[in-house]
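The values are calculated or read from the model by the stated rules, or taken from the named source; none is laboratory data. Bear in mind that the values here come from a model prediction, so they are computed numbers and not experimental data. With ideal geometry, Cβ positions are generated from the backbone for all residues, glycine too; neighbour counts draw on all protein chains shown.
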Amino acid sequence: MNTRLNKFLLSALVAVMIGFSVPGSAFAQTLEEAARQAARQYSAKVLSARTVQEGNRRVHVIKLLTKDGVVKVVRITVRDERSR
């Protein structure tokens with residue numbers, strides 16, 4: 001593999017690990033909140049946003065277009081109403 005691809009894969013892995021280690025209070029409740037949060041975090045434009053069911057949890061899936069022209073997909077777990 002080339003170095004550029006290795007760096008991309010490593011940064012993607014780190015982003016996923018950070019996403020799973022986010023404290024519960026940082027989880028977005030609504031799809032709109034999740035889209036705004038992701039766009040702000042990556043200085044990007046939201047291309048699409050949807051909520052999917054993954055097992056027993058719901059996840060907001062946000063597709064972004066960065067200023068560099070890179071398409072990113074961000075996944076944010078929906079905060080459970082009972083944990084508030």
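Of all residues in the range 44-65, those being assigned to a loop (DSSP other than H, G, I, E, B) and either basic (K, R) or touching a Lys or Arg at 6+ places or on another chain (Cβ under 6 Å) (or both) number 0.
Out of V61, V22, report the one residue that is closer than 13 Å to V74 by Cβ, at pLDDT 90 or above and of a type outside the set (F, W, Y). Within the list V61, V22, the selection yields V61.
Close Cβ contacts (under 6 Å, 6 or more residues apart or on different chains) running from residues in the range 63-83 that are more than 15 Å from A39 (Cβ to Cβ) to residues that are modelled with pLDDT of 90 or more and surrounded by 13 or more Cβ atoms within 10 Å (Cβ to Cβ) comprise T77/V59; V78/R58.
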